[in-house]
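The values are calculated or read from the model by the stated rules, or taken from the named source; none is laboratory data. Predicted model, so just to flag it, every value in this text is computed and none were measured. All Cβ positions, even for glycine, are placed from backbone atoms using ideal geometry, and neighbour counts span all protein chains on display. Remember, those area values only see protein heavy atoms, side chains included, never the ligands or the DNA or RNA. Shrake-Rupley method; radii C 1.70, N 1.55, O 1.52, S 1.80 Å.
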Amino acid sequence: GVYYTRLRVGGIDFAILEDRKFKSGPQGKIPKMGPRPDHINDPAYDRKSVDLPELKLLGDRQLEFLDQWGQDWNGAEMKAVLSQTAFCGAVHLHGSPKNRLLADLDCNGWPQTGRNHALARIRRVWAPHLCGDQHLAVLVQHGIEGAQDGPYGFTSPAIVNTIYGRWWHPIDEKAGPNSVQNSPLPWTGQYEDGLGNPIRMIAYANPIDRSNERQRSDGYGLVRFRKSDRSIKFECWPRFVDITEESASQFAGWPVTITSQDNDGRTVLGYLPTLQFQNSKSPVVQVVHDQSGEILYTVRTNGKSFQPPVYQTGTHTVRVGRNRADQVTIERQTPSKKKDSRVVPVRL
């Protein structure tokens, strides 16, 4: 059977997805271009040719669930998404350092359209995506329309990484554009995976020597949600480290701290007037672009005021409510390129 559900713990609302059984399989749907139906080694293949319109990643029911979950903030201050595997192919070497694979359809970077549908819904609530399964710890910021306009994705390391190691190792051994400043890792920055999905690599933990249990990058991830400032801290620890010791250190490149709003990486074009909440604190705000009808985001704010960022010209509709954005509607709001003194009082 298939499943999807939510779990609210301590004010954090987790959407728990089944991103394996809903997913289409490649066998019989696309030509075989590698040793397995889900492996592509042909450098001349057309990326768009494997992104067929009938293919599914999460399936219609899960996408509808995510839409409903994103509107309901009852008992939630922040949101996150959990699933089995990563929404990109952040791996170059599979099984051994000599086995380079161009594209892996087993990852959830494929099908690309389904991947983008999922990430757009995760971005809409400023949530990170947490998963495992890749035998390689990575932290990326996904791109949907652009290089890093989507949410962050944290793939935890395997707790025992003996069976199938993987490595992040660009063939030109060069950092990508917008690499992480002062990172101890050489290959960070903006890349495309083998399916053409844009990502920004933030951190990775390659195995050093898989014959040595202390150098094969076994470990586990911790994610700390701080509700007071809406920050999210990603930690990645080697298996044999005692984190209670003062000298304990994480894998190189970690920890990384972001804010929940960083999970929407779209370029801010301007700001709508500041919402001043007169008889409530931290309500839910939704912003809709009038011309396209697109819900830009639905999030719980933090405090007595909030100035909504927007990413397009034209008018916007703002909706506000205590646990759903369903109590106050403010229509035809126009953005200013700078944060200014315009204020709209909101009483719920």
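For segment 186-235 and segment 87-115, compute the distance between their C-alpha centroids and round to whole Å.
15 Å
Filter the GluC sites (Glu not before Pro) in segment 138-223 to those in DSSP coil with at most 14 other Cβ atoms within 10 Å of their Cβ, and list the result.
GLU145, GLU173, GLU213
How high is the relative contact order of segment 1-152? Use alpha-carbon pairs under 8 Å, at least six apart in sequence, and give a whole percent. Write down the numbers at each step before the final one.
Values: 248 pairs, mean separation 38.2, N = 152.
Answer for segment 1-152 is 25 percent.
Using Rg/Rh (Cα atoms, Kirkwood Rh) as the read-out, say which of (1) 1.15; (2) 0.99; (3) 1.01 was calculated from these coordinates.
The calculated read-out lines up with (2).
Over the chain, with the other protein chains present, what is the accessible area per residue in square angstrom, probe 1.4 angstrom?
With the other protein chains kept in place, the chain gives 45 Å² per residue.
GNM on the chain, C-alpha springs below 10 Å: top fluctuator among ILE40, ILE171, ILE199?
Taking springs between Cα atoms under 10 Å, the residue moving most is ILE171.
Kindly flag which residue pairs out of LYS21/LYS227; LYS227/LYS339; LYS304/LYS338; LYS174/LYS339 have an alpha-carbon separation exceeding 28 Å in this structure.
Over 28 Å Cα-Cα: LYS21/LYS227; LYS174/LYS339.
At a threshold of 8 angstrom on Cα-Cα distance, excluding pairs fewer than six apart, so keeping six or more, what relative contact order does the chain reach in percent?
This gives 14 percent for the chain.
With the cut-off at 1.5 for a/c, could you classify segment 286-348 from its C-alpha gyration tensor as rounded, prolate or oblate?
Oblate shape, in that a/c is at least 1.5 and b/c is the bigger or equal ratio.
Taking the highest mean first, how do the peptides 155-161, 52-58, 86-92 order by number of other beta carbon atoms within 10 angstrom per residue? Each step should come with its number before you reach the end.
Numbers: 155-161: 20.6, 52-58: 15.1, 86-92: 26.6.
By packing density, highest mean first, the sequence is 86-92, 155-161, 52-58.
Mind telling me which of GLY109, GLY221, GLY75 comes out most flexible in a GNM of the chain, alpha-carbon contacts under 10 Å?
Of the options given, GLY75 has the highest mean-square fluctuation.
With all protein chains present and a 1.4 Å probe, how do HIS117, HIS39, HIS169 order by accessible area, largest first?
Order by accessible area, largest first: HIS117, HIS169, HIS39.
How far, in degrees from 0 to 90, does helix 112-123 lean away from the longest principal axis of the Cα atoms of the chain, to the nearest 10?
It is inclined by approximately 40 degrees.
Looking at the calculated P(r) for segment 178-290, what percent of the C-alpha pair distances fall above 21 Å?
Taking all Cα-Cα pairs of segment 178-290, the fraction more than 21 Å apart is 58 percent.
Based on Cα positions only, what radius of gyration and what Dmax would you give for segment 14-111, in angstroms?
For segment 14-111, the Cα radius of gyration and maximum Cα-Cα distance read 16.2, 50 Å.
Using a 1.4 Å probe and ignoring any ligands, DNA or RNA, find the accessible area of CYS131 and quote it in Å² to the nearest 10.
Accessible area of CYS131: about 10 Å².
Taking a ≥ b ≥ c as the square roots of the eigenvalues of the Cα gyration tensor of segment 142-235, is the shape rounded (a/c under 1.5), prolate (a/b larger than b/c) or oblate? Could you put the intermediate results ahead of the total?
Details: a/c = 1.88, a/b = 1.16, b/c = 1.62.
Oblate, since a/c reaches 1.5 and b/c is not below a/b.
Aspartates and glutamates near LYS29 by alpha-carbon distance under 12 Å, same-chain residues fewer than 8 away left out - which ones?
Those aspartates and glutamates meeting the cut-off are ASP38, ASP51, GLU54.
Can you list the lysines whose alpha carbon is less than 24 Å from that of LYS23, not counting same-chain residues fewer than 8 positions off?
The qualifying lysines are LYS32, LYS48, LYS56, LYS79.
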